[in-house]
1. What number comes out for the charge environment of R394, summing +1 per Lys or Arg and -1 per Asp or Glu over other residues with Cβ under 14 Å away?
2. Applying 1/(1 + (r/R0)^6) with R0 = 35 Å to the Cβ-Cβ distance of D403 and H300, what FRET efficiency is obtained, to the nearest 0.05?
3. Using +1 at the C-beta of Lys and Arg and -1 at the C-beta of Asp and Glu, which of Q408, H368, L344 has the Cα lying farthest in the positive direction of the dipole of the range 335-411?
4. Could you check the simple spin-label distance between R60 and S12, using points 7 Å along Cα→Cβ, in nm with one decimal?
5. Which entries of K193/K662; K269/K419; K634/K662; K284/K352; K193/K663 show an alpha-carbon separation above 25 angstrom in the structure shown?
6. Taking the Cα-to-Cβ direction at Q388 and at L68 and moving 7 Å from each Cα, how far apart do the two end points lie in nm?
7. From the phi of every residue in the range 664-670, what ³J(HN,Hα) in whole Hz does the Karplus formula 6.51 cos²θ - 1.76 cosθ + 1.60 yield, where θ is phi - 60° and glycine or proline is x?
8. What distance in nm lies between label points placed 7 Å from Cα along the C-beta direction at Q444 and Y97?
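Any read-out appearing in this document is the output of simple, stated calculations on the displayed coordinates, not a laboratory observation. The model shown is predicted, which means the values in this text are computed figures rather than measured ones. Note: ideal-geometry Cβ built from the backbone for every residue, glycine included; neighbour counts use all protein chains shown.
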Amino acid sequence: MKREHMTFALCSAAVLLASAIGFSCMMCLVQAFGLNCRPERLIFLCCAVSGFAVAAMGVRHGWIAFMLALIAYLAVLIWKLEQISLGVQSLLYEVTYAYSLCFENVAVLGMPGNSVQWLLSVLAAPLVWLSVWVICREGHAALVALACSPVLVLCLIVVDLAPVFWLLLLSAALLLLIMSGHVRAHSANDGGKLIWWLLPPVLIVFFVLTLLSPVQTYVRSEWATSLQRIAEGNFDFTVWQDKIATAVSAGWSGELREEDLDRAGPRIKTGAYVMEYRSEVEIKYLRGSSLGYYEDNSWHNVELDGLTVVPDGLGTAVAQIRTAYEHPQLYLPYFVSSVPSEGLMVDDGYIKNKDKVKEYTVTFDPEHTGTGYRSEEYRAFVYDTYLQVPEELRAPLQQFMADAGLSQPAAWEICELVKNNAVYDLNTPAVPAGEDFVLYFLTQSKQGYCVHFASSAVLLLRCAGYPARYVTGYAANGGAGQWNTITLDQAHAWVEYYVDGMGWIPLEPTPAAYREEMTQPPGQEPTQDEEQDDPDAPDKEPTIPPEREETQTPSVPEAPQSGAREGKGAWWLMMPAAVLLIFLRRQAILFCRRMRQKRAHPNRKTLDLWNRLLQLYKVQGLAVPEQWICLAEKAKFSQHRIGEEELAQIARAVWEQTEQVKKAPFHRRLWYRYGLVLY
């Protein structure tokens, strides 16, 4: 596109579309994987880059402006290299963690919790510049679609929280880019005007689709799960696992400092192997980490503030653990006698896998005859730290217990209240925006899985005066003296509450249905049995000093069972896929057509042009002139070679009729261009 042809309509459309493409593409990653990024900064960057790119392409020596932009881009890469590297680690962690839940032997790499602001900025800038170049220099929209495809692939295969709005916005921008391509190639002014004329109806359609398929109700469909299984069967990740782990070994920091409950959407069962263990006695849990500070629908790590806590149990039993890959933390049974030599105690949360081992042995005390949590200093720290409840939640939670008839409840009574108040359901959608995770679960949705039950029990225990914390790890269900397998389906969350003189005691607030879930193969529904014995029944819990008068568990009405859910959200994914396929189909047809005209025999070229000419006359309702019928018969049945002059004549006829077809109304031109591929 020449400088003098870059009209205001085209330039403003280029800034709009390029900014929308770069911003929405990056926001797909942010929403799908819960990345830490400030959208207002990202959209400002996209607008600034698109504006500068349009200006650079409108000046006489545009290559100078491009070189200056490239130098500035490289300078930013060097200047913010550390922040970009941290962003890479965070993105890598979130992506590999999401994929590890669906694909066996995918190692969780990287380090969570860092901002990806600078990483997404340096990724968005080239995408925005490419989009401006395609719009202003008559480039192919396929280049932009190809540049966005890695992000779309990552965001549409395994994530629980689909980036509905941003994906639709990106699809709208790409659709406008594709639909205006032919017009822009012939008239810059008309192309820019066409984009602005098409913008309102396209945005209306996509916003309606967004309202019809909100992200809170998104449930992964069967085709997506099937796609995972196909990929898992055809690709072996174990070949590359060690190479990738070595390349990013710095990412294995093990700094597990928070859990975002807003991401707790529907879960699927995969049966993926994680580890195996062997213990001399039966164990219920392999403990991973604990989190103690609750705020804004997130659990956060608790620092020890200079205290030193070292287990001092009298180990009488031995447990061996073998993991499929190098976890950032060690998973251990309760009441270990000492921290394993391969591990390092981190704050008051977990034991870091400092030596990056896959196999370790630990001794523990199954009778719980001694712990490292008896000091008065640590007891004071516990009561000062683990009774925290956001002030806006304390009154509603206390009222919730009062409505259930609990005035001075025992710890097990609170767990029974949580168990009986809701239904265990892995298909529970994410909490709606603006709602508190715990209050919404207890008072409105009344359905969830271990994350919901454990989070609620911790805050209720704290409101009743019991120090408690949120714990994650794996539920064990194997026998003693044998090797037992742990899968991702056994990932679990539960509660620990503090007992003076004994330390932290595990408490199970999740209904017994979760153990049925983890023993069922993927895709099979668990059997509901209300009379089944709960291995974590309250009669096995220790007595809490001071002695409390035993009360009967209140009767809490159980929420109705949720019915079978049909997959939602898959239908709207077909729209951007269909648009892309239609565009790629046309490009493939045109490519094959050009190759035939370049390399084929003259008679074959003539017949190819005849077929196109026949279609062009047909859509216009015109009769084919006799001269072209005779020429086609000659090319097909005669032994004579079609001459260059005859070939040029029919080629010119095709071009003339094509120009006539291009004068048809807009909707018909779309059909001729992308449906019949007449030009």
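1. Values: positive: R462; negative: E295, E391, E392, D436.
That works out to -3.
2. Numbers: r = 29 Å, r/R0 = 0.84.
Efficiency, rounded to the nearest 0.05: 0.75.
3. It is L344.
4. Each label point is offset 7 Å from its Cα along the Cβ direction, giving 2.8 nm.
5. Working: K193/K662 17 Å; K269/K419 22 Å; K634/K662 30 Å; K284/K352 21 Å; K193/K663 17 Å.
In this structure, K634/K662 lie more than 25 Å apart at Cα.
6. Result for the modelled spin labels: 5.0 nm.
7. 5, x, 4, 5, 6, 4, 4
8. 2.5
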